[in-house]
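The values are calculated or read from the model by the stated rules, or taken from the named source; none is laboratory data. Since this is a predicted model, take the numbers as computed values, not measurements. Every residue, glycine as well, gets a Cβ built from its backbone with ideal geometry; the counts of neighbours run over all protein chains shown. Note: areas computed on protein heavy atoms with side chains; ligands, DNA, RNA excluded. Shrake-Rupley method; radii C 1.70, N 1.55, O 1.52, S 1.80 Å.
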Amino acid sequence: MRKTIKQLRKLFDYNPSTGLVTNIKTGFVYGSNPTSVKYLSAQVDGYKIKIHRLAFALHHGFFPALVDH
């Protein structure tokens, strides 16, 4: 079962000033590697979530069909 945004907010923190997403449990900061050229993703209950989509959802409260950078 996929997590709701409310559940994801208990697992991840999004800082709109920096654009970084942090795993609350582990303290791992996604997006802190400026040399990465691939889309970053997190694994939650067997599902991969791309960090740019997760950041959008945490900030706006819904998953969009498309995140246009």
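When the criteria are applied in full, S32 meets the requirement of being surrounded by 10 or more Cβ atoms within 10 Å (Cβ to Cβ), at pLDDT below 95 and polar (S, T, N, Q).
Scanning the range 50-69 for residues that are without any contact (Cβ under 8 Å) to a residue 24 or more places away in the chain and surrounded by 10 or more Cβ atoms within 10 Å (Cβ to Cβ) returns K50, H52, R53, F56, H60, P64, V67.
Go through the range 7-32 residue by residue and tally those that are assigned to a loop (DSSP other than H, G, I, E, B) and either of a type in the set (D, E) or farther than 14 Å from A57 by Cα (or both). Quick ask: steps written out before the conclusion?
As a first pass, look at the range 7-32 and keep what is assigned to a loop (DSSP other than H, G, I, E, B): 16-19, 24-28, 31-32.
Narrowing further to those that are either of a type in the set (D, E) or farther than 14 Å from A57 by Cα (or both): 17-18, 24-28, 31-32.
Looking only at that region, the number is 9.
Within the range 35-68, being at pLDDT 80 or above and part of a loop (DSSP other than H, G, I, E, B) holds for Y39, L40, D45, G46, G61, F62, F63, P64, A65, L66. For first residues located in the range 1-28 and without any contact (Cβ under 8 Å) to a residue 40 or more places away in the chain, partners that are open to solvent by less than 70 Å² (accessible area, probe 1.4 Å) and among the aromatic types (F, W, Y) and lie 6+ apart or on another chain with Cβ distances below 7 Å form the pairs L20/Y30; V21/F12; V21/Y14; V21/Y30; T22/F12; N23/F12; I24/F12. Scanning the range 36-49 for residues that are touching a residue at least 24 places away in the same chain (Cβ under 8 Å) and either touching an Asp or Glu at 6+ places or on another chain (Cβ under 7 Å) or of a type in the set (S, T, N, Q) (or both) yields nothing.
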